[in-house]
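A.B. asks: Right, I'll just put the structure down here and ask away after.
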Amino acid sequence: MSCLEFINLDRNDLRSLPGTIGNLSKLKSLRLSRNKLVSLPAEIANLRELEVLRISGNAFEEIPPQVVHLTSLRELNLYQNRLTSLDGGVLGKLLNLEVSLIQIP
């Protein structure tokens, strides 16, 4: 499983992710859109090769702070969440970020 590069868990009514997701060291794309997530486990910060994180259509109220450690992240999709503000400090540390889809009501 540690060689896994792509996971699509869109539309599964997930409310949480196990911390063991951080063991997938080769993961490049993680799709978690249209679930019921409000947070990500701290271990997600171990995904140093992650390039795409799609967590649109969940219930995040803030940008998950763990994303600051995802140094390879190029695409972050937070569209259709419950964000109330934008923490530029988190996004500003993602030097490789090319695409960021965020909606603030």
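A.B. asks: Probe 1.4 Å, all protein chains in place: accessible area of PHE6 in Å², nearest 10?
C.D. replies: Accessible area, nearest 10 Å²: 110 Å².
A.B. asks: Once each part is reduced to its C-alpha centroid, what is the distance from region 77-97 to region 29-48 in angstrom?
C.D. replies: 14
A.B. asks: Sticking with this structure for a sec: Express the relative contact order of the chain as a whole percentage, based on alpha carbon pairs under 8 Å and six or more residues apart in sequence.
C.D. replies: 22
A.B. asks: Next up: Tell me whether the chain comes out rounded, prolate or oblate; compute the Cα gyration tensor, take square roots of the eigenvalues as a ≥ b ≥ c, and use a/c under 1.5 as the rounded threshold.
C.D. replies: It comes out oblate by the Cα gyration axes.
A.B. asks: Here's a follow-up. Where nothing but the Cβ of Lys and Arg (+1) and of Asp and Glu (-1) is charged, how large is the charge dipole of the chain around its Cα centre, in debye to the nearest 20?
C.D. replies: It comes to approximately 180 debye.
A.B. asks: Report the normalised scattering of region 1-61 as log10 I(q)/I(0) at q = 0.17 Å⁻¹, calculated by the Debye formula with identical scatterers on the alpha carbons.
C.D. replies: -0.51
A.B. asks: With the dipole of the chain worked out from charges on the C-beta (+1 for Lys and Arg, -1 for Asp and Glu) around the Cα centre, which of SER33, PRO65, ALA45 lies farthest toward the positive end?
C.D. replies: Towards the positive end, the residue furthest out is SER33.
The values are calculated or read from the model by the stated rules, or taken from the named source; none is laboratory data. Here the structure is a predicted model, which is why all the values come from computation and not from measurement. In this analysis, Cβ positions are derived from the backbone assuming ideal geometry, glycine residues included, and neighbour counts consider all displayed protein chains. These accessible areas exclude ligands, DNA and RNA; they are computed on the full protein's heavy atoms, side chains included. Shrake-Rupley method; radii C 1.70, N 1.55, O 1.52, S 1.80 Å.
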